[in-house]
Every structure is written in structure tokens, then in C-alpha cells.
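No value in this document is a laboratory result; all are computed from the given coordinates. Here the structure is a predicted model, which means the values were calculated and not measured. For neighbour counting, all protein chains shown are included, and Cβ atoms are generated from backbone atoms with ideal geometry for every residue, glycine included.
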Ligand SMILES: [Zn+2]
């Protein structure tokens, strides 16, 4: 525990869902996170090197949001591709290709409005799972007592 505290002190971790300073499962560094970090480092110069995590309390909510984002992104990408294909069928010209690709990119960017990053689940799922099981056990115990 003492060792954990020492690590925490050097680098703060914030929950991406509730925004509180909490420990949790770290999110995976993808291109969206990399882009934001690049902007903070090079443009706004306020990179804090904070760890972004999903805390245990927010984990169920996170799972719902992540699923919603994944589904939305799939739909928008499919729509974008269909749009390009139909555009090329109706009017097979370079101009059509450029316009439809721009629309497809715009659709993709729209899907990022509900952006929810992936978390490093495979690495840190083990310590979380017993906690979740424990929490639900406590709840069912309480129910039994009542
Ligand atoms: Zn949280």
C-alpha cells in the first residue's frame, strides 16, 4: 500500500467519467489521446502528464458508454463508405469522390463526439474483477439481511 502511494504521488490519475482524482484502470493510448497530448505539448503547452483512468465506481457506466461509442462509430463508418460507393455509382467522377470522401470524414468526426477510449483491461482486469464480485456480494448479503 505504501508503495502504491509513492507511485500515485508522482503522477496524478483522474477518472475520465466522473472527473475526480481517483485510481483505476488506465486508458489505452490511441490516436485520439495521442492527438490531444500532442496539441497540449506543442500548441497549448499545458501538458500535465496526468494518468487518465476509469475508476471502479464508474466502470459499469464506462462499459455502457464504450459500447455505445463503438456501435455509433461502426454505423457512421458504414454510412460513410456506402455514401462514397453510391456517389461513385451515380456519378463516377473525381469531384464526386472528393466530395463524398469529405462527407465520410465528417461523419467519422461526428462519431468521435461520443468518444470513449479503450481501457487496458487485459492487463488490469484481474484486480478489478474480485472487487466487482465483492461489491455485488455485499449487496446481495445486505438484501438477505433485510
Ligand atoms: Zn469515476
How much space per residue, in cubic angstrom, does the convex hull of the C-alpha atoms of segment 43-99 take up? 117 Å³
Distance in nm between pseudo-label sites at residue 97 and residue 38 (7 Å out along the Cβ direction from Cα): 2.5 nm
Reduced to Cα centres, the span from segment 73-94 to segment 33-64 in Å works out to 33 Å
What distance in nm lies between label points placed 7 Å from Cα along the C-beta direction at residue 50 and residue 68? 2.2 nm
What is segment 31-113's relative contact order, in percent, from Cα pairs under 8 angstrom and six or more apart in sequence? 27 percent
Over segment 1-118, how many percent of alpha carbon pairs lie in each 10 Å bin up to the one with the longest distance? 13, 29, 28, 17, 9, 3, 1
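If each residue's Cβ is checked for other Cβ atoms within 10 Å, how do 103, 94 rank with the fewest at the top?
The order, fewest Cβ neighbours first, is 94, 103.
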